[in-house]
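These notes concern the structure reproduced below.
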Amino acid sequence: MAQSGSATVLGTVGRWFESSRPDHVPKTHFEGSGRTHAPMRGMVEARLKQHAARVETALEQLLPSPDAEIGMRSLHEAMRYACLGGGKRLRAFLVLESAALFDVEPGHAEAQDQNQALRVAASVECLHAYSLVHDDLPCMDDDDLRRGKPTVHRAYDEATAVLAGDALQALAFEILADPLTHPDPLRRCALIAALARSSGAAGMVAGQAIDLAAEDAQIALDERQIRRLQALKTGALFDFSATAGGLLCGASEAELTCLSRYADAIGLAFQITDDLLDTGGEQAQTGKRVGKDRAAGKATFVGLWGEEPARRAAEDLVASAKEALAIFGARARNMADAADFVLTRRS
């Protein structure tokens with residue numbers, strides 16, 4: 001039975017990405033089984049930590065000071081609590097690495113370009129932090145643990161959590177709108193519009209709405225509906241992150257399309273891995289409660305297909321993600337390795 005389910009899953013995923021592959025893009029030397037060897041994983045994690053440290057420093061400077069007058073102090077503290085000192089910064093990593101495809105790298109002659117990419121990476125982390133703060137609220141997913149520490153509404157209170165999330169969302173767009181992000185207002189507008197689409201009623205928020213509606217109605221979503229839910233709730237922000245470097249640097253339409261295909265694939269693989277961790281992970285490693293999605297009857301691919309077929313589907317998606325990077329050649333090695341990392345992460 002599991003074998004039949006696995007074949008169905010892999011066939012469906014394969015058809016999904018085959019139908020969107022540009023004819024002129026060859027298969028890439030990055031393709032493989034989707035499993036990451038230990039030395040390679042170590043290099044990916046080192047690169048992630050390097051970027052995370054840079055983003056953390058940028059966020060320290062961009063977030064409001066906690067030394068504000070009474071009334072604002074708890075708001076600013078909650079914003080910093082939500083945004084600093086935790087997380088893989090995978091979305092920020094994708095922003096920085098997609099910019100690096102266009103020679104925006106540390107040590108590059110135009111250091112200003114590097115700082116611009118760092119600002120965009122910080123912006124997406126503010127947006128992501130806001131989404132987690134609101135997602136954890138009692139009226140949403142009702143979580144009390146995030147990144148190994150109490151969620152914002154537990155550490156402070158619900159009203160402060162709502163306001164901190166609101167302020168982080170606004171800060172994300174404020175960062176992008178600043179001329180320091182790019183001197184060309186059209187580039188800044190493109191980034192702002194892309195982040196708004198990815199995070200709003202046509203993106204992440206829509207996915208959350210579908211998730212809540214399905215849970216409240218206690219209806220079982222089919223494969224197409226779950227795929228749409230996850231593409232919106234998780235994948236949309238991955239799409240912005242992977243294409244932001246291209247938008248910042250003036251990438252061609254073909255290049256942006258390939259980056260978007262990469263993001264679609266790893267976004268879904270990331271969510272499947274998240275579902276697998278919820279099923280069989282350990283709280284000490286994940287930094288959040290495990291087993292809660294299954295207990296709540298949430299719509300997941302693991303629940304629909306079973307663990308092993310879902311794991312194989314994630315591997316197939318990672319192979320498709322790496323294939324989408326072929327247009328960039330060896331320059332995309334770090335992004336290809338990050339796709340593999342998505343499968344093996346433990347948090």
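The values are calculated or read from the model by the stated rules, or taken from the named source; none is laboratory data. On a predicted model such as this, the values are computed, not experimentally measured, just so you know. Note: ideal-geometry Cβ built from the backbone for every residue, glycine included; neighbour counts use all protein chains shown.
I'd like the residue in region 326-337 that is surrounded by fewer than 24 Cβ atoms within 10 Å (Cβ to Cβ) and not polar (S, T, N, Q) and, out of all such residues, is farthest from residue 43 (Cα to Cα).
327
Just need a number here: residues in region 46-85 that are in contact with a Lys or Arg (Cβ under 7 Å, 6 or more places away or on another chain) and not in a helix (DSSP H, G or I).
2
Among the residues that make up region 128-150, is at least one of them closer than 21 Å to residue 239 by Cα, part of a helix (DSSP H, G or I), modelled with pLDDT of 95 or more and of a type in the set (Ser, Thr, Tyr)?
Yes; the residues of region 128-150 include at least one that is closer than 21 Å to residue 239 by Cα, part of a helix (DSSP H, G or I), modelled with pLDDT of 95 or more and of a type in the set (Ser, Thr, Tyr).
Within region 142-162, how many residues turn out to be buried (at least 16 other Cβ atoms within 10 Å of the Cβ) and acidic (Asp, Glu)?
Qualifying residue count, region 142-162: 1.
Is it the case that region 12-26 has a residue that's modelled with pLDDT of 50 or more and either surrounded by fewer than 18 Cβ atoms within 10 Å (Cβ to Cβ) or in contact with a Cys (Cβ under 6 Å, 6 or more places away or on another chain) (or both)?
no
Residue 182 is checked against (1) touching a Lys or Arg at 6+ places or on another chain (Cβ under 6 Å); (2) in a helix (DSSP H, G or I); (3) under 21 Å from residue 61 (Cα atoms) and fails just one. What number does that condition carry?
The one condition residue 182 does not meet is (2).
So, residue 227, is that one surrounded by 20 or more Cβ atoms within 10 Å (Cβ to Cβ), under 20 Å from residue 323 (Cβ atoms) and basic (Lys, Arg) or not?
Criteria not met by residue 227.
Being closer than 21 Å to residue 56 by Cβ and among the small types (Gly, Ala, Ser) is true for just one of 194, 155. Which residue is that? Working first, answer last.
Numbers: 194 fails: closer than 21 Å to residue 56 by Cβ.
Only one candidate passes the filter, namely 155.
Taking only region 86-95 into account, find how many residues are modelled with pLDDT of 90 or more and not in a helix (DSSP H, G or I).
Result for region 86-95: 1.
A quick yes/no check of all residues on (1) within 23 Å of residue 338 (Cα to Cα); (2) within 14 Å of the chain's Cα centre (by Cα); (3) among the aliphatic types (A, V, I, L, M):
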site	(1), (2), (3)
178	no, no, no
185	no, no, no
195	yes, yes, yes
208	no, no, no
217	no, no, yes
262	yes, yes, no
271	yes, yes, no
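Residue-by-condition table, conditions (1) among the hydrophobic types (A, V, I, L, M, F, W, C); (2) buried (at least 22 other Cβ atoms within 10 Å of the Cβ):
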{"site": "57", "(1), (2)": "no, no"}
{"site": "76", "(1), (2)": "no, no"}
{"site": "84", "(1), (2)": "yes, no"}
{"site": "97", "(1), (2)": "no, yes"}
{"site": "117", "(1), (2)": "yes, yes"}
{"site": "122", "(1), (2)": "yes, yes"}
{"site": "129", "(1), (2)": "yes, yes"}
{"site": "140", "(1), (2)": "yes, no"}
{"site": "169", "(1), (2)": "no, no"}
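If you check every pair at least six apart or on different chains, which have Cβ atoms under 9 Å apart with a residue in region 143-166 that is farther than 20 Å from residue 127 by Cβ first and a residue that is in a loop (DSSP other than H, G, I, E, B) and aliphatic (A, V, I, L, M) second?
158/137
Could you tell me which residue of region 29-45 is modelled with the lowest pLDDT, considering only residues that are in a loop (DSSP other than H, G, I, E, B) and surrounded by fewer than 17 Cβ atoms within 10 Å (Cβ to Cβ)? Steps first, please.
Of region 29-45, the ones in a loop (DSSP other than H, G, I, E, B) are 29-37.
If we keep only those that are surrounded by fewer than 17 Cβ atoms within 10 Å (Cβ to Cβ) too, we end up with 29, 31-33, 35, 37.
Numbers: 29: 45, 31: 47, 32: 46, 33: 42, 35: 52, 37: 49.
Among those that are in a loop (DSSP other than H, G, I, E, B) and surrounded by fewer than 17 Cβ atoms within 10 Å (Cβ to Cβ), it is 33.
Using beta carbons and a limit of 7 Å, which pairs, at least six apart or on different chains, have the first residue in region 171-186 and free of Cβ contacts under 8 Å to residues at least 24 places away in the same chain and the second one among the β-branched types (Val, Ile, Thr) and assigned to a helix (DSSP H, G or I)?
Sorted first by the residue in region 171-186, then by its partner, the pairs are 177/192.
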